[in-house]
1. With point charges of +1 on the Cβ of Lys and Arg and -1 on the Cβ of Asp and Glu, referenced to the Cα centre of the chain, which listed residue (P340, H168, L259) lies farthest in the positive direction of the dipole?
2. On full extension of the chain, what length is gained from K155 through Y229, given 0.36 nm per residue of separation minus the C-alpha to C-alpha distance?
3. May I ask for the Kirkwood hydrodynamic radius of the range 1-92, worked out over all distinct Cα pairs and given in angstroms to one decimal?
4. Residue separation times 0.36 nm, minus the C-alpha to C-alpha distance between K289 and N441: what's the value?
5. Quick one: putting +1 on the C-beta of Lys and Arg, -1 on the C-beta of Asp and Glu, what dipole do you get for the chain around its Cα centre, in Debye to the nearest 20?
6. Which aspartates and glutamates have a Cα less than 20 Å from the Cα of K255, not counting those fewer than 8 places away in the same chain?
7. What is the set of long-range amide H partners of T405 at a cut-off below 5 Å, with H atoms built 1.01 Å from backbone N?
8. Quick one: if you take sqrt(5λ) for each eigenvalue of the C-alpha gyration tensor of the chain, what semi-axes come out, biggest first, whole angstrom?
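The values are calculated or read from the model by the stated rules, or taken from the named source; none is laboratory data. Keep in mind that what you see is a predicted model, and the values were worked out from it rather than measured. Don't worry about glycine lacking a Cβ; one is built from the backbone with ideal geometry, like all the others, and counts go over all protein chains shown. What goes into the accessible areas is simple: the full protein's heavy atoms, side chains included, and nothing from ligands, DNA or RNA. Shrake-Rupley method; radii C 1.70, N 1.55, O 1.52, S 1.80 Å.
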Amino acid sequence: MLQSLRIRNFRSIRDSGDLDLSDVNVLVGPNNSGKSSILYALMLLRMSVDEKNPGLAIVTSTPELDLGSYLDLIRGGVVERNLSIDFTLDRATAQESGRGFHFRLLEKPVGCSSCHIEFAYDQTTNRIEVQSFTSKDLFGKNLLSVRRVEVGKWKIAGRPRKTLKSMHVTFSGFFPILLFDRASLPKPRSVEEETIEWHYLSRRVMLGLTSTLQGIRYIAPIRERIPRYGIMGTMPYSELSPSGQNLMRVLSDSKMKSLRNKTLMNELNYWLNTRFKLLKNVHMTNVDKSGTIKTLLADDRRGARDINLASTGCGISQLVPVIVHTVLMPESSCLLVEQPEIHLHPSAQADLADLFVENAKHHRQFIIETHSEHFILRLRRRIAEGRIKPEKVRVFAVEKIGGQTRIKQLNLKSDGNFKEWPKGFFEEGYREALAIAQAENKE
C-alpha cells in the first residue's frame with residue numbers, strides 16, 4: 001500500500017506536496033480541477049511496468065487509458081520541464097517487496113521503502129528519458145541512486161570509486177540496472193564481490209517495485225454496458241478490464257474467489273441484494289446446450305423474475321464492475337476508482353461508501369475520485385458510528401487556482417465532522433435551500 005505520494009509538473013499539478021494516504025482516500029472538487037491527474041500519475045507508473053518493451057522509460061497510452069504525449073503530460077506543455085513522481089510504501093509492503101534482500105553490503109535485509117523518479121524529454125531523440133532515480137530503505141538510506149549528468153553518462157551515488165570503475169547504467173523501463181564487465185572486475189576479492197552484489201541489488205529493487213506497482217488496479221469513469229449474451233468458448237481467462245470488459249467470462253469462472261473465500265456470484269448477490277437492495281438471485285444460465293453462450297439474469301426485488309441485466313438500468317451496468325473489481329482485490333493492492341457513483345440513485349451512492357469501507361481490510365487501499373455528497377456523508381456516518389477509524393480515511397479537496405491544481409487534506413474527527421469545514425465544500429445544497437427561502441419570503 002502507498003503511504004504517501006508527491007507529484008510535480010504533471011498536467012495541471014505544479015507540486016502536489018506530500019499527500020498522506022491511508023486505507024480509504026477520497027478526492028473531491030469541481031470538474032477539471034485535477035482530481036483525475038492524481039490517479040493518472042500512478043497509472044503512468046503502472047502502465048509502464050506492464051509494458052513489454054524495456055527500452056521505453058514510460059508508457060503514456062494503452063487501449064484503456066490514453067494520456068497523450070509528453071506535451072500533454074508536462075505542466076503547461078513546456079517540454080523543458082521535468083516531471084517527477086515520489087511515493088513511499090507502508091512498512092508491511094516495503095518488507096514484502098524486500099524478501100530475498102540478503103546482501104552482505106546491506107546492514108539489514110530490508111526492502112525498498114520510498115522511490116523518486118524524475119523524467120525529462122530529450123528533444124534530440126524525441127524520447128522521454130529518466131533524469132534521476134532514487135530508492136531508499138526503511139531507514140532512509142539509499143538503496144540505489146542514479147542521476148544523468150549528460151547523454152549516456154550517469155552518476156551513481158554512494159558507491160565506492162573502486163566499485164564504480166567496472167560498472168555502468170542501463171535501464172529496464174524506468175528502473176536503472178547496474179551492469180559490470182566481468183573481464184575488468186576490480187580487485188581485491190571483496191571489491192569484486194561488492195560490484196556483483198550491487199548489480200543484483202539493482203535488479204532486486206526493480207523486481208520488488210514492479211510487483212508493488214502491478215498491485216495498482218484502475219476502474220474507468222465510464223464502464224461498458226453489460227452484454228446481453230457472453231461467448232465463453234475455449235478462450236483463456238481474461239482479467240476484468242478498467243472499463244468492465246470480460247465481465248461475463250470473469251463471473252463464469254467458479255474458481256475465482258474473494259478474500260472472504262466467497263465465489264464472485266455470491267459476492268455480487270450479497271452486495272446487489274442485501275446491501276444495495278437493487279436485485280436478487282443474480283445468476284448465469286446457458287443459452288445453448290454446450291454452455292458456450294451464457295447470459296446474466298436476476299430477479300427484481302419487486303417481483304419480476306429472470307431479467308437480463310442488459311435490460312436493467314444503466315446504473316446497474318456501471319455498478320457491477322465496481323463491485324467485482326473491489327471484491328477481487330488481492331492483499332496489498334491499491335484500487336484507483338473514477339466516479340463510482342455515476343448513474344446511481346443517491347441511496348446507492350451512499351451504499352458505495354460501505355462497499356469500500358468493508359473491503360478496506362486485509363491490507364487493501366482505495367483512492368476514489370467522486371462528486372457525490374451522499375458518498376461523503378455515508379463515510380462520515382461510518383466514522384461517527386465507529387465502523388472505521390478517522391485515521392483510516394483521507395479526504396482531499398482539489399481545486400484549480402490560476403490554472404494550477406491545489407490539494408488540501410481535510411482532517412476528520414471521531415464524530416465524523418471535519419476539524420475545519422472547508423470553504424466551498426459541497427455548498428450547493430445550502431445555496432439552493434437559501435435561494436428557495438429567499439424566494440418564498442418575496443411572496
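1. Result: H168, furthest along the dipole toward the positive end.
2. Details: separation 74, 0.36 × 74 = 26.64 nm, distance 5.73 nm.
Stretched out fully, the K155 to Y229 stretch lengthens by 20.9 nm.
3. Numbers: mean 1/r = 0.0706 Å⁻¹.
It works out to 14.2 Å.
4. Result for the pair: 47.8 nm of gain on full extension.
5. Values: 64 positive and 50 negative charges, 221 e Å.
It comes to approximately 1060 debye.
6. Filter leaves E239, E267, E331.
7. Amide H neighbours of T405, under 5 Å, 5+ apart: I13, R14.
8. That gives 43, 28, 21 Å for the three semi-axes.
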